[in-house]
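Participant: Starting off with a structure, shown below.
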Amino acid sequence: MLWRMLVKKLLSIALFQRCFSVRFFNLYYNILCFEVSRLSSKKRINEKVLDGLMRKEYFLINLAIATENQVFAYKVSELMKLSFGEKLMRNSEPKKLMALIIKAVKLKQYDVAEYLLAAYKTLLMHINEKNANQCLRQLLILLVIMQKRNLTYLMSKVMECIFYSISKFDLHEQRTRTISILALKRIGIIAIRKRDDALFIECKKYFLDIEITFEHYNISEQIEELLIDWFYYILKTNNECLFNLYQEFYEELYGKGLITSLIISRMIQEIPNIAGMAIMNLSSKCGDRVLCFLLKLSEYDSCDMKPAVKSYLCLLKMAVENYGLDKSFSLFIPLLESGRKIYMHEQRFTHSSDITRKKNLKLLLNELIFFFEVEARQSGSTVENIILNIRQYWIVFSKLKKSIPRIEAFCDLLLAHWGEKKNIKKNQLGINHGIPNISLMASEDKERLDLVL
């Protein structure tokens, strides 16, 4: 009997507290609604009165979080949105609201955090431009926290706020511009990791939209870091579609004048450090695309191919050492095709020869021969055998029959240039492989192509 009476007494006390808290909250909430409507009608608002009002709102939301009452939390968050809509806010409001969101996330009250993020977006709509840097910093912190806890839905809400901030605020101020690029870089990395093409396109679009406000500032360092980081994570995920989108983004930036020669040279230097994992994996979807992109960078950089070719052959060396020439031959094709196109262009337009094109052709021939000489010493073969094997592999790999004569012509040029350097007689080239028609270049062709030794 005593035990039953004690249980009834405890239940009655709990019910009384529950009713009291509901009545107290409703009464307090109605008073705050009245104060918000009264202050919003005034032309001048006392800062102390405004501070008191906001403190009461934060007290109520903290009470709702403490009692784990989502209904109370939703009602107070709507009241906050009403206050922010009437521009009833303090200068420190973004920081205080961020702290409240983090508190809700730590207590695993994710619905409350969502309500508060909706209030934060309303805050962004009416906040002063001077607080743009503060808001973007708070949102970037929130994004990192949501990412670490793998809260995808809340992450998307934070991204919405970031995108809205970038489109709304004027980004001429140095710190605001820097933090906005950092935020976009983080969102891009999240999109790449999740293989979310749509989010990556959205991120790319916002970056290109805000480019107009960057034209009077030097942002090459921030763009360089963004491009290198995105490139690294795309290769890590081995996503062909994202790699294509990345190349489009790079070309768009170059077309808008945001890619400087410094960025190109840094990219060429960094790619061998980043792309090793893609090259070493012969089944990678991005391996040959990386090498094509590397050669494409040289076209952007005033057609100076030397750094790109050096980086290309550095990557190629790793693949050949591990898999051999026959298995890794597909990685040679972009470089060989580049040399073939330059040579065919020179052959076609003999009267309008280009100095840069001739320089690049000579560079390609010399670098390839040096690479083959190193490979011949390591494998115990000869340069002639390697070049003629490449000729055979290349013909097999070729899908168009009409390109076979051009392939043979470039390989003959390569072999002839090596023969000229080694003073080999013309009747000795290709005999061991049953290819007796290879001849050394005429003196006129050597002078025209600038291949005189």
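The values are calculated or read from the model by the stated rules, or taken from the named source; none is laboratory data. Everything numeric here is computed off the predicted structure, so don't read it as measured data. Neighbour counts are summed over all protein chains in view; Cβ atoms, including those assigned to glycine, are modelled from backbone coordinates with ideal geometry. Heavy atoms of the whole protein, side chains included, go into the accessibility calculation; ligands, DNA and RNA do not. Shrake-Rupley method; radii C 1.70, N 1.55, O 1.52, S 1.80 Å.
Participant: Which value, in debye to the nearest 20, describes the size of the charge dipole of segment 296-336 about its Cα centre when Lys and Arg Cβ atoms bear +1, Asp and Glu Cβ atoms bear -1, and nothing else is charged? Could the numbers behind the result be given before it?
Facilitator: Details: 5 positive and 5 negative charges, 16 e Å.
Rounded to the nearest 20 debye, it is 80 debye.
Participant: Would you mind counting up the charge near residue 185? Only other residues with Cβ under 10 Å from its Cβ, with Lys and Arg at +1 and Asp and Glu at -1. Mind showing how you got there, number by number?
Facilitator: Values: positive: 186; negative: 225, 229.
Taking every other residue near residue 185 into account, the sum is -1.
Participant: Also: Sort 417, 345 by accessible area with a 1.4 Å probe, largest first. Intermediate values should be presented prior to the final figure.
Facilitator: On the way: 417 0, 345 70 Å².
Correct descending sequence by accessible area is 345, 417.
Participant: May I pose another question? Any of 56/148; 95/157; 185/236 with alpha carbons more than 28 Å apart? Name them for me.
Facilitator: Working: 56/148 32 Å; 95/157 17 Å; 185/236 16 Å.
Pairs exceeding 28 Å: 56/148.
Participant: Given a Förster distance of 41 Å, report the FRET efficiency between residue 150 and residue 318 from their Cβ-Cβ distance, rounded to the nearest 0.05.
Facilitator: Values: r = 35 Å, r/R0 = 0.85.
Step by step, r from the Cβ atoms, then E = 0.70.
Participant: Using a basic spin-label model with each label point 7 Å from the Cα along Cα→Cβ, how many nm lie between residue 44 and residue 205?
Facilitator: According to this spin-label approximation, the distance is 4.6 nm.
Participant: In square angstrom, rounded to the nearest 10, how much accessible surface does residue 158 have for a 1.4 Å probe?
Facilitator: 0
Participant: With a 1.4 Å probe and every protein chain left in place, tell me how much accessible area residue 342 has, in Å² to the nearest 10.
Facilitator: Accessible area, nearest 10 Å²: 20 Å².
Participant: Set the Förster radius R0 to 51 Å, insert the Cβ-Cβ distance between residue 260 and residue 26 as r into 1/(1 + (r/R0)^6), and round the FRET efficiency to 0.05. Don't jump to the answer; show the numbers that get you there.
Facilitator: Details: r = 62 Å, r/R0 = 1.21.
In this case the efficiency is close to 0.25.
Participant: Residue 310: accessible area at probe 1.4 Å, nearest 10 Å²?
Facilitator: Accessible area of residue 310: about 100 Å².
Participant: With θ taken as phi - 60° and the coefficients 6.51, -1.76 and 1.60, list the Karplus ³J(HN,Hα) couplings across segment 392-397 in order, rounded to whole Hz; mark glycine and proline as x.
Facilitator: Computed from phi, the couplings for segment 392-397 are 5, 4, 5, 5, 5, 6 Hz.
Participant: Step through the residues of segment 360-377 one at a time and calculate ³J(HN,Hα) from phi using the Karplus curve (6.51 cos²θ - 1.76 cosθ + 1.60, θ = phi - 60°), rounding each to whole Hz and writing x for Gly and Pro.
Facilitator: 5, 5, 5, 4, 4, 4, 5, 5, 5, 5, 4, 4, 5, 5, 5, 5, 5, 5
Participant: Here is a further query. Using 1/(1 + (r/R0)^6) with R0 = 60 angstrom and r between the beta carbons of residue 196 and residue 370, what's the FRET efficiency to the nearest 0.05?
Facilitator: Working: r = 44 Å, r/R0 = 0.73.
So, using R0 = 60 Å, E works out to roughly 0.85.
Participant: Measure up 81/194; 204/327; 310/359 against 25 Å on the Cα-Cα distance and list the ones that go over. Walk me through the numbers on the way to the answer.
Facilitator: Working: 81/194 32 Å; 204/327 37 Å; 310/359 15 Å.
Over 25 Å apart, Cα to Cα: 81/194; 204/327.
Participant: Moving to a separate point now. Viscosity 0.692 mPa s, temperature 37 °C: what is the translational diffusion coefficient of segment 60-107 from Stokes-Einstein with a Kirkwood Rh over Cα pairs, rounded to a whole number of µm²/s? Let's see the in-between values first.
Facilitator: Working: Rh = 11.3 Å.
The Stokes-Einstein estimate is 291 µm²/s.
Participant: Using +1 at the C-beta of Lys and Arg and -1 at the C-beta of Asp and Glu, which of 144, 73, 127 has the Cα lying farthest in the positive direction of the dipole of segment 59-148?
Facilitator: The one lying farthest along the dipole's positive direction is 144.
Participant: Same structure again: Could you run the Karplus curve 6.51 cos²θ - 1.76 cosθ + 1.60 with θ = phi - 60° over segment 322-329 and give me ³J(HN,Hα) per residue in whole Hz, x for Gly and Pro?
Facilitator: 3J(HN,Hα) across segment 322-329, in whole Hz: 8, 10, x, 5, 5, 6, 9, 5.
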